[in-house]
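One structure is given below, encoded as C-alpha cells.
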Ligand SMILES: Cc1cc2nc3c(=O)[nH]c(=O)nc-3n(C[C@H](O)[C@H](O)[C@H](O)COP(=O)(O)OP(=O)(O)OC[C@H]3O[C@@H](n4cnc5c(N)ncnc54)[C@H](O)[C@@H]3O)c2cc1C
C-alpha cells in the first residue's frame, strides 16, 4: 500500500499537514509585545537612545512558519513564490537561513549561467521554458520600488549540441520531445553546421542540434541579488547562521496493509550563530531543504536515511558535492560574437564571455576522474589533458588560446539519476526539497521555486507536474534519466 501510494503521489493525502506552528500563537503578536515592552522600559529610563535589552537584530525570530535552509538561488526562489502565492498578504512568515552571506562556495555564483531547453525529459524542458519567460520579464517579477531595474545580461546566443554517429539517434529523439514541448530547436547536418559556423571542425560530427530561441546565458549573481532584494521587500527575514540540528516528534502509524511507518515532524530548527557558540532555536511548521550541494547533510540531520537499508526510513537523499572546474581563456582568433554555447560530443563545452575575445568552458570528469571535493582548488592539468585537446580539435583556433583564470564550484549532484528532487519527504512530513539539479539548478530555479510553493500551499503541483521528481523515487528505485547532463 505504501509503495502504491508513493507511486501515485498520494502521500500528501495519507499524511495531511497544516500550516501553523506548534505553539499556535501568532509570532507577530509575540514580536509586537516585545517591542511594546522595550518601548515602555525605554520611556522609564533616562539616557536617550540607550537600549537596556541587548541588540538582537542579528538573531532569527523565535518562530517562523517556513524556514528555508540555504539562501542560494533555489532557496530564494522558493521564498519569492511563497510570498507571491500566499493568500493573505503577510500571512506567511518566511525565514531564510544562510551560513555565508558572501556565498564564497555556493554553486549559484560559481556557475556558468547557461539556460537551455535542450533536455530529454519533458519536465526539464517545461521548467526551463517557464524560467526563460521569467528571466525575460525579470523586472515584472523582481522590481522593487525606488531600486534600479535588474540587467541580467541575457545573451540569447543558443546552445549547440554536437553528436557523433553513436549519439545521433538519441539526439533526434530528444529534439522531437523538445519540439513537442514547444522549444524552438533545429537539427543540422555537418554541412549545414560548416556553413553556419565555419570555425567548427565537423570531423566526427554526425548531427547537431541548435536552439533558435530562448537559450543562452545570463549573470547568475544578478539573479541571486535581485531575488534577495525582492524577497526582503516582501517581508522575508534573513539570518546569517548555520542550521546544525532539528528537534522533531515521531508518530507510529499503520498503512492500509498493516505496515508500520514512523512519521516525523520537525518542530524546531537550531541555528548556530556566526562567530559564536550560541545557537538559536526557531520554531516552525515547514522546513525547505535548499542547501544545494550540502542538502544531503541537512537531510541526515533530520534523520532521513537513518533506518534499515532497503526501507523508506533507510533511504538517503542521494545529493553530494561534486567539484567542477571552469577555465576562462583569451583567444583573439576564436569564433567571435556569433558563438553559441557549444557542447561537444566529447562532453567538453565552451561559450563566449563578454566582448573581449574571452571564452569560458570545461568538462565534467568521468566517475574515475572525479576530484576530491574536500576543497575548491583548481586542477590545471585537467584543462591541459582533458579539456583543451577536444576543444582544440573541434575549434582549431583554440590551439592558440591562453588560460587567464579558473575556478571550481560544487554541483549539487544527485548520484541516483542526476535530476532535481522537489517536494516533501514522505516520512519527515514537513521537510520539502528543492535540490539535486546536478548542473542545471540555476536555470530551473524560477520554476522549481514555484512548484515547491504550490506543494506547500496547495498540497500538489499546480502548473508543472513534477511528481516524477519526488523523493519517493529513490525508495521505489525509479530513475528518471535525463540524457543531456553536462
Ligand atoms: C561550475 C558550475 C557550473 C554550473 N553551470 C550551470 C549552468 O550553466 N546552468 C545552470 O542552470 N546551472 C549551473 N550550475 C548548477 C547551479 O549552479 C546549481 O544547480 C544551483 O546554483 C543550485 O542552487 P542552490 O541554491 O541549490 O545552491 P547554492 O547556490 O550552493 O546555495 C545553497 C546555500 O546553502 C547554504 N547552506 C548549506 N548548508 C547550510 C546550513 N547547514 N545552514 C545554512 N546554510 C547552508 C550554502 O552556504 C549555500 O549558500 C553550475 C554549477 C557549477 C558548480
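Here, each number is a calculation from the coordinates, and none is a lab measurement. This structure is a prediction, so every number in the text was calculated from the model and none was measured. In this analysis, Cβ positions are derived from the backbone assuming ideal geometry, glycine residues included, and neighbour counts consider all displayed protein chains.
Here are a few things to note about the model shown:
- Net lengthening on full extension, residue 463/residue 404 (0.36 nm per residue, minus Cα-Cα): 16.9 nm
- Based on Cα contacts under 8 Å between residues 6+ apart, the stretch 348-428 shows a relative contact order of 23 percent.
- Sorted ascending by nearby beta carbons within 10 Å, beginning with the fewest, 231, 378, 185 become 378, 185, 231.
- Extending 7 Å from Cα along the Cβ direction at residue 254 and again at residue 308 yields two label points whose distance is 1.8 nm.
- The distance from the alpha carbon centre of the stretch 103-172 to that of the stretch 323-359 is 17 Å, rounded to a whole number.
- Sequence of 417, 344 once ranked by neighbouring C-beta atoms within 10 Å, starting from the fewest: 417, 344
- Computed on the chain, with alpha-carbon pairs under 8 angstrom and 6+ residues apart, the relative contact order is 21 percent.
- Pairs of alpha carbons in the stretch 413-486 separated by more than 16 Å make up 46% of all such pairs.
- In degrees, nearest ten, helix 122-136 long axis to first principal axis of the chain (Cα): 80
- With a cut-off of 17 Å on the backbone N, the residues of the stretch 207-223 near the modelled label site 7 Å out from residue 179 along Cα-Cβ are 207-213.
- Rh by Kirkwood over Cα pairs, then Stokes-Einstein D for the chain at 1.306 mPa s and 10 °C, µm²/s: 66
- Once the chain from residue 147 to residue 481 is taken as fully extended at 0.36 nm per residue, the excess over their C-alpha distance is 116.0 nm.
- Using R0 = 35 Å, the C-beta based FRET efficiency linking residue 372 and residue 37 works out to 0.10.
- Taking other Cβ atoms within 10 Å as a rough exposure proxy, 323, 259 sort from fewest to most as 259, 323.
- Taking each DSSP H run with n ≥ 4 as -39500 (n - 2.57) and averaging over every residue of the chain yields -8000 deg cm²/dmol at 222 nm.
- Remark: relative contact order (the stretch 105-232) = 40 percent; criterion is Cα-Cα distance under 8 angstrom and separation of 6 or more residues.
- Rg and Dmax [Cα atoms of the stretch 392-438; Å; Rg one decimal, Dmax integer]: 19.3, 56
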